Amino acid sequence: MGVAEDSEPPLKRVKGPLEESKSLPEDHSTTKSVSCSLGDQMARPLTSQGDGETIGSQGVIRKAEFIKIITRALYSLGYDKSGALLEEESGLPLHSSVVNLFMGQVTNGKWDDSVATLRTIGLSDEIMKSASFLILEQKFLELLKMEKVAAALDTLRNEIVPLHVNLDRVHKLASCIISPSQCIRLGISSQDTEGTKSGSKILEKLQKLLPAAIMIPEKRLEHLVERALDVQREACVFHNTSDSDLSLYSDHQCGKNQIPSQTLQILEAHKNEVWFVQFSHNGKYLGSSSKDHSAIIWEVKENGQVLLKHTLCGHQKPVLIVSWSPDDSQILTCGQDEVIRRWDVSSGECLHVYEKTGVGLISCGWFPDGRGIFAGITDKSICLWDLDGRDLECWKGQRTLRISDMAITDDGKRIISVCRESAILLLDREAKFDRLIEEVDMITSFSLSKDNKFLLVNLMNQEIHLWSIEGDPKLISEYKGHKRTRFVIRSCFGGLDQSFIASGSEDSQVYIWHRCSGELLLALPGHSGAVNCVSWNPGNLHMLASASDDGTIRIWGLDRFNLKGGEQSNGSNHQCNGRS
């Protein structure tokens with residue numbers, strides 16, 4: 001059944017579902033004079049447009065719906081006069097007179113009248129009963145607040161119960177009569193039963209329940225525009241800008257210049273191959289480790305320059321990896337089959353050395369709360385220590401390999417490590433339950449996504465696999481094109497919402513793929529040796545770092561940041577405006 005239409009002047013109607021009615025049928029004097037004064041300035045109303053008329057190049061937009069949605073947006077934005085003018089000129093009232101009457105009754109808390117009017121709108125039996133329940137429930141609660149218990153009980157027995165909907169809620173309402181505190185447990189506050197506030201809240205709920213053709217949803221136009229922007233953003237392969245850069249004036253499309261692809265700096269402080277780089281969580285620091293037995297803390301300045309802050313010496317063997325504390329105030333360095341050292345980022349002082357008699361340490365990481373660390377050990381066990389080095393937990397057996405990455409989820413419940421050449425262990429600390437990711441070839445490294453839902457796995461066969469680790473592990477995507485024959489090559493997530501995958505390669509290039517499509521977007525030349533590791537700055541969407549066997553770290557940025565060439569005065573850093 002449809003809704004009865006009328007030719008009543010628009011200013012006599014309730015403008016929107018959340019507005020307080022100013023023009024109920026019993027008082028027309030004010031609105032009539034306003035309507036006439038406006039009408040004298042306008043062209044005569046057009047006849048109502050048929051629902052079948054369409055606009056737009058594809059003929060899929062119904063003109064009447066389009067106009068009504070614009071009208072609704074005008075009222076929502078507070079442009080009441082403009083909304084009324086559009087209704088008048090188009091001949092298309094936003095709502096029928098019956099719906100306007102109903103909305104006004106609800107807004108003003110006339111519950112019995114609104115239920116009676118609801119029956120005349122032409123709704124399905126199911127929707128009418130559900131809508132009536134919402135209204136009568138509010139009537140019941142207001143009667144209870146006014147301590148009219150008998151009237152509230154009568155409403156419950158003779159009006160709500162006969163609807164035969166939401167029986168569990170009915171029982172809870174009945175308990176409110178016996179124990180008023182039950183209303184609080186139901187999430188009902190005193191503000192929910194205050195005059196027009198309660199009416200407006202009920203109208204919000206009714207708006208979600210009633211068909212959109214009868215009561216046009218609040219902010220419908222905004223929703224459509226946001227959805228259009230979402231579609232454009234999802235279709236943009238190179239999208240790597242914040243939402244504030246989106247515009248309604250033109251279709252959105254990023255170019256390759258939104259992906260870091262230009263060498264902005266070459267960092268040359270290490271004296272041998274650089275094996276690992278990682279930006280801090282806040283993006284203000286970069287940590288690197290090298291075959292030269294050292295690690296370096298670099299500081300990322302506000303202007304994007306990366307400068308040497310501390311060189312961390314003390315390891316007797318090459319430093320495999322570094323790991324930032326959750327608050328970025330400290331950093332761990334792990335020597336190859338050696339010890340783990342904990343350093344203060346501000347001073348560069350070594351705070352503690354972790355070692356285990358008779359075995360070497362091969363990987364490390366932090367508890368999510370920063371109060372302890374975990375380590376992979378050459379005897380294939382995993383140990384957890386507090387900051388002072390006291391054992392907290394230890395898992396023996398085939399838990400890790402000599403070449404092993406490790407990670408722990410942000411909730412501290414799962415530890416992830418390579419447990420066999422082609423398998424990754426997902427160890428649940430609480431449930432004492434293990435899950436395995438079984439790969440098709442030897443695993444060389446992996447990286448955990450920021451949301452802890454995905455794992456990026458590098459394989460010996462020159463493929464990178466993306467796994468979902470929520471529930472049972474599931475292979476999502478594969479990335480190909482980079483070269484790997486002998487060395488450990490690491491990849492990472494990066495960019496806006498971690499929408500890109502970057503990886504090192506033995507052909508001296510950095511490779512970047514689109515995460516969802518798997519499309520190879522860029523291969524960046526510049527290094528003169530194998531690129532062992534890459535890290536995307538989480539605080540700067542347009543900054544990427546790469547570490548190479550050529551002994552350098554390259555900082556990549558956008559093409560438009562072409563800095564003038566020249567040597568840095570500290571001798572540890574070279575600026576470059578090209579890719580070589």
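The values are calculated or read from the model by the stated rules, or taken from the named source; none is laboratory data. Not measured: the values here are computed from a predicted model. In this analysis, Cβ positions are derived from the backbone assuming ideal geometry, glycine residues included, and neighbour counts consider all displayed protein chains. Ligands, DNA and RNA are stripped out before the accessible areas are found, and what is left, the full protein with its side chains, is counted by its heavy atoms. Shrake-Rupley method; radii C 1.70, N 1.55, O 1.52, S 1.80 Å.
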Legend entry - Highest-first arrangement of 407-413, 145-151, where packing means the average Cβ count within 10 Å: 407-413, 145-151
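Subtract the Cα-Cα distance of residue 396 and residue 327 from 0.36 nm times their separation in residues, and report this length gain in nm to one decimal. Could the numbers behind the result be given before it?
Details: separation 69, 0.36 × 69 = 24.84 nm, distance 3.00 nm.
Computed gain between residue 396 and residue 327 is 21.8 nm.
How much FRET efficiency would the formula 1/(1 + (r/R0)^6) give for residue 559 and residue 429, where r is the Cβ-Cβ distance and R0 is 41 Å, rounded to 0.05? Please list the in-between numbers first.
Details: r = 46 Å, r/R0 = 1.12.
Rounded to the nearest 0.05, the efficiency is 0.35.
Between residue 352 and residue 282, what is 0.36 nm times their sequence separation minus the Cα-Cα distance? Round to one decimal in nm. Please report the intermediate quantities before stating the final value.
Details: separation 70, 0.36 × 70 = 25.20 nm, distance 2.36 nm.
Here the answer is 22.8 nm.
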Legend entry - Separation of the residue 422 and residue 441 label points, Cα + 7 Å toward Cβ, nm: 1.1
Inset, instruction - Using 0.36 nm per residue of separation minus the Cα-Cα distance, give me the extension gain between residue 112 and residue 253 in nm, one decimal. - result: 45.4 nm
Inset, instruction - Could you check how much of the accessible area of region 95-215 is carbon and sulfur, as a whole percent, using a 1.4 Å probe? - result: 55
Legend entry - Ranked packing of 261-267, 470-476, 77-83, most packed first, by mean Cβ within 10 Å: 261-267, 77-83, 470-476
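Roughly speaking, to the nearest percent, how much of region 268-321's 1.4 Å accessible area is carbon and sulfur?
Details: 1060 of 2360 Å².
Carbon and sulfur: 45 percent of the exposed surface of region 268-321.
How high is the FRET efficiency between residue 231 and residue 316 when r is their beta carbon distance and R₀ equals 56 Å, given to the nearest 0.05? It would help to have the intermediate numbers written out before the result.
Numbers: r = 56 Å, r/R0 = 1.01.
The value I calculate is 0.50.
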Legend entry - region 326-462, accessible surface, carbon-and-sulfur percent (1.4 angstrom probe): 45
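With every protein chain left in place, what is the accessible area per residue of region 207-307 in square angstrom, probe 1.4 Å? Walk me through the numbers on the way to the answer.
Values: 5110 Å² over 101 residues.
Using a 1.4 Å probe on heavy atoms only, each residue of region 207-307 averages 51 Å².
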